[in-house]
Amino acid sequence: MENLTEFVKYCKEHIKGDEKGEAQIFLDHFFMALGYSNGIKGAGAELEYRMRDEHKKSTNFADLFWPNRVLIEMKKSGEDLNRHLQQVTSYWLKLAGKRPQYVILCNFNEFWIYDFEKDVYEPAEKVNREDLPKRDAPFAFLLPKPKTPVFELNREKITRQAAKLVDHLFKSMINRSENREHAIKYCMQCVLTMFAEDVKLLPDDIFSRLVKECIQVTKDKHGGDKCEISYDLIGNLFKAMNESGVTSGGKYKGVDYFDGGLFKEIIPIELTVQELNYLEAACAKDWSFVNPAIFGSIFEGSMEKDEQHILGAHYTSEIDIKKIVDPVIVQPWKEKINLASNSGNPLDEYYKLLDELREFKVLDAACGSGNFLFVAYREIKMLEKQLLALIRENSLKPEHAAHLREYLVSKRFVSTKQFYGIDIKPFAVELAKMTLMLAKELWVTQNAEIFDNENALPLENLDNNIIAADALLNDDGTPREWPQADAIIGNPPYQSKNKMQKEFGIEYLNKLRGAYPEIPGRTDFCVYWFYKAHKHLKPNCYAGLVGTNTIRQNYSREGSLD
């Protein structure tokens, strides 16, 4: 701690925050403060680590790389570190075999520490340089004798706790014979409402207060299992969220219009006291820290195990999703932006790219609870934000600024309506639609800037974008036509050729093989998605799918990679 105090003092006196001129000096003194007498070299880390991209025949340099320990990227003092997450993630993805669990973004004043095994978008901790002497626990993994770091916030733990409480609510309603579809819809409405409350899209903790009121009224009436008033108090809030405009008065004053399709059908439910207790405990969580990318997968995981087996359901971590989304979506767009930056008229080119990005469509034809679509939405919004920042930086004349103001007022933003999904499970489809709605809520409330003119509400209706259907076959046995898209991503269901007949039945297999005679019959189930993605893609577009290693072998290879 004493060394860190000296480091802070040294920085105040000698470091101005120039990325190119002072990053190495800053990092070397930081490592000495951590206990390495010879600084970076003594630790075994490497400055300006060279990363060759054979595909693009180019070389990038990471500011500091310590194999299997940390990747650090420095930016100038005061720089918005959010703008550089895609860059450092792309570096990290190139470090196969040596990837560290932890990544740090630093602008000389702040350290943003990411644990990529847990969350790829939100830092596990943000530490101001001035606070280093009393907040050294998050850096324990960098010490000469490394320890597990202690972070104040564990988003994965919060997400799992929140999902478990909603799961208890759902199962309680099912166990007392509430209609399954109604219970699913009700739980989804509760989840979106709790998110909205904690990102301040609803006034004055209104949902939490209504739940507490229901519990208190039941207590005042000396108990009983059911709470009659919950039918009206919570049901009427959902109705207010589905009415155009802002509620002008009464108990629901200030409630805005959400739309999005989730509140199109309101079916009030009379909850039990125990169910209200589950809701009260869920409301106590800070839902702005709940991660939608894994919430849906955890909640979906409550389905019966035999159904998971038959359908080949799989949970994919965020960082594995990034391994698909980065080369399929992010890198091609980064190349376009780099070309625009080096053109004769970059400002015009940035506007063209922004218009193109806002027409870019993504499909996941085995979308599950929507985690791939969530990650793709976040990445494309980050690209949009980068383009807007470049436009502002290059709008140097008054007429440029006027054009930008006019453009922001008249043009729409990257929208959840650009994302499409298909899944055979209706429950998963409802989760996927909710996940994308939450993605918009979180992005706009946490990342959009006021002069960009983007609003979180109303949400978009995704009923026609994400559908419950067999992604391969229509009801009459003909091949299903997929929505047109510029990128296809996902984790299609796996089922080996030896088990498909047992799991799906001979009638279904005969239809499948009749619809796709080009695919050898003895292939893994996921091969059909590889084949369809290849046939469906437009020229100069990309697909990225997770598959079993059998797609490299024999018949499965013929139907997929070949």
Among the numbered conditions (1) open to solvent by 20 Å² or more (accessible area, probe 1.4 Å); (2) modelled with pLDDT of 95 or more; (3) aliphatic (A, V, I, L, M), tell me where VAL414 comes up short.
(1)
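Tally time: how many residues in region 88-119 are more than 20 Å from ALA137 (Cβ to Cβ) and outside any loop (DSSP other than H, G, I, E, B)? Spell out how you get there, then give the answer.
First, the residues of region 88-119 that are more than 20 Å from ALA137 (Cβ to Cβ): 88-99, 107-108.
Then drop every residue that is not outside any loop (DSSP other than H, G, I, E, B), which leaves 88-93.
Looking only at that region, the number is 6.
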With the first residue restricted to region 477-497 and required to be more than 18 Å from VAL362 (Cβ to Cβ) and at pLDDT below 95, and the second required to be open to solvent by less than 30 Å² (accessible area, probe 1.4 Å) and of a type in the set (Asp, Glu), Cβ contacts under 8 Å at 6 or more apart or on different chains are TYR494/ASP524; GLN495/ASP524; SER496/ASP524; LYS497/ASP524
Hits in region 483-516 (condition: within 21 Å of ALA533 (Cα to Cα) and assigned to a loop (DSSP other than H, G, I, E, B)):
PRO483, GLN484, ALA485, ASP486, ASN491, PRO492, PRO493, TYR494, GLN495, SER496, TYR516
Search region 3-50 for residues being touching a residue at least 40 places away in the same chain (Cβ under 8 Å) and open to solvent by 60 Å² or more (accessible area, probe 1.4 Å), and hand back the single one that is nearest to PHE61 (Cα to Cα).
ASP18
Given (1) open to solvent by 50 Å² or more (accessible area, probe 1.4 Å); (2) under 27 Å from the mean Cα position of the chain (by Cα); (3) charged (D, E, K, R), where does ASP470 come up short, assuming only one miss?
(1)
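Condition check: within 30 Å of LYS499 (Cα to Cα) and of a type in the set (Val, Ile, Thr). Does THR316 satisfy that?
Working: within 30 Å of LYS499 (Cα to Cα): yes; of a type in the set (Val, Ile, Thr): yes.
The answer is yes for THR316.
Which members of region 106-130 meet the condition of being open to solvent by 40 Å² or more (accessible area, probe 1.4 Å) and more than 20 Å from THR316 (Cα to Cα)? It would help to see each step written out before you state the result.
Residues of region 106-130 open to solvent by 40 Å² or more (accessible area, probe 1.4 Å): 109-110, 117-118, 122, 126, 128, 130.
Across region 106-130, the qualifying residues are ASN109, GLU110, LYS126, ASN128, GLU130.
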Regarding GLU275, is this residue touching a residue at least 24 places away in the same chain (Cβ under 8 Å) and not in a helix (DSSP H, G or I)?
no
What pairs can you find where one residue is in region 143-154 and within 22 Å of ASP28 (Cα to Cα), the other is aliphatic (A, V, I, L, M) and in a loop (DSSP other than H, G, I, E, B), and their Cβ atoms are less than 8 Å apart, with a gap of 6+ or different chains?
LEU143/LEU34; PRO144/LEU34; PRO149/ALA124
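Mind checking which residues of region 510-547 are in contact with a helix residue (DSSP H, G or I) (Cβ under 8 Å, 6 or more places away or on another chain) and among the aliphatic types (A, V, I, L, M)?
If the condition is that a residue be in contact with a helix residue (DSSP H, G or I) (Cβ under 8 Å, 6 or more places away or on another chain) and among the aliphatic types (A, V, I, L, M), then LEU512, ILE519, VAL527, ALA543, LEU545, VAL546 are the ones that fit.
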Hey, among LYS323, LYS336, which residue is surrounded by fewer than 19 Cβ atoms within 10 Å (Cβ to Cβ), assigned to a helix (DSSP H, G or I), modelled with pLDDT of 95 or more and within 26 Å of the chain's Cα centre (by Cα)?
LYS336
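The values are calculated or read from the model by the stated rules, or taken from the named source; none is laboratory data. All figures in this text were calculated on a predicted structure; none of them were measured in a lab. Ideal geometry is used to build each Cβ from the backbone, glycine not excepted, and the neighbour counts take in all protein chains shown. Surface areas here come from the heavy atoms of the whole protein model, side chains and all, with no ligands, DNA or RNA. Shrake-Rupley method; radii C 1.70, N 1.55, O 1.52, S 1.80 Å.
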